[in-house]
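**Student:** Just passing along the structure, written as structure tokens.
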Amino acid sequence: MKIEFKAIASVAVVALSALMMGSCTADADSSGLEYMPDMYRSPAIEPYVDYGEIRGRENMDVKMKMSAMTPPAGTVPFYGTDSATVSLMLPYFRKANVAFRETHGMYGADLTSMDEYTLAVNDMNPLKLTADNAEGMFKTGKELYTAMCQHCHGEKGDGNGPMVASGAYAGVPNYADRATLSDGQMFYSIYYGKGAMGSHASQLNKKEIWTLVHYVRKFQNADYGKFDTNGLMMAAAVAMGADTTTAVK
């Protein structure tokens with residue numbers, strides 16, 4: 001019995017050693033052999049998964065390509081059944097100018113020869129700011145601004161963010177000097193980009209951009225978002241569209 005046990009143990013040790021050695025590889029970028037790929041690799045197509053190397057097969061033609069596909073033009077993610085929310089999240093009806101093809105790399109996009117940035121002066125913020133929602137709106141706006149804007153525009157919106165201070169970028173404007181811009185023009189600039197700033201349309205949805213517009217107004221007027229005892233905003237709403245309920249699609 002002891003001899004059989006020792007024999008079995010010896011075979012097991014040899015097999016385990018062979019298994020462990022077989023997992024080793026000289027390729028520093030390889031994690032070794034995959035013995036049970038179905039346990040952690042989904043057979044379904046998933047975004048951001050490297051399909052250039054799977055189950056022992058390597059396809060160098062797709063190694064450096066993202067597997068996530070761009071949704072067909074005009075499609076809208078499901079945002080529930082609330083009509084106001086669905087209307088707000090419909091594709092932006094304004095287009096970037098043809099010059100953006102070269103300046104912002106928008107090759108293949110649906111562009112226009114018209115100056116829609118100028119036309120956007122009449123577009124008003126569809127997210128109405130009230131005494132009841134102002135605190136939550138600015139809280140969300142600050143979170144978005146910190147994550148997406150502060151590195152260039154600065155914590156105080158003065159254009160002196162860490163990226164500017166490092167010398168990586170220059171010419172970032174002080175928001176206080178842009179107080180005459182309408183909500184629509186600010187939205188257009190964030191959505192498509194402006195000057196050295198690239199488009200944020202793939203990083204922020206329309207509701208988030210309109211929320212940012214409200215937050216940026218705080219840099220331009222300290223009283224923006226403050227209300228009197230009658231529920232009226234203390235800051236003048238010149239070119240801001242703060243009191244409008246007209247939705248911009």
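Every read-out reported here was derived from the displayed coordinates using simple, explicitly stated rules and does not represent laboratory data. Just so you know, these numbers come straight off a predicted model, no measurement behind them. All Cβ positions, glycine included, derive from the backbone under ideal geometry; neighbour counts span all protein chains shown.
**Student:** Please tell me which of these pairs span more than 27 angstrom C-alpha to C-alpha: Lys142/Lys226; Lys142/Lys206; Lys206/Lys226; Lys95/Lys156?
**Tutor:** Those over the limit are Lys95/Lys156.
**Student:** Between Lys207 and Lys226, what is 0.36 nm times their sequence separation minus the Cα-Cα distance? Round to one decimal in nm.
**Tutor:** 4.7 nm
**Student:** How far apart, in nm, are two points set 7 Å out from the Cα along the Cα-to-Cβ line at Ser83 and at Ser10?
**Tutor:** Placing both labels 7 Å along Cα→Cβ, they lie 8.3 nm apart.
**Student:** Let me know the charge dipole size of segment 100-203 about its Cα centre in debye, to the nearest 20, where only the beta-carbon of Lys, Arg (+1) and Asp, Glu (-1) is charged.
**Tutor:** Using only the charged Cβ atoms, the result is roughly 180 debye.
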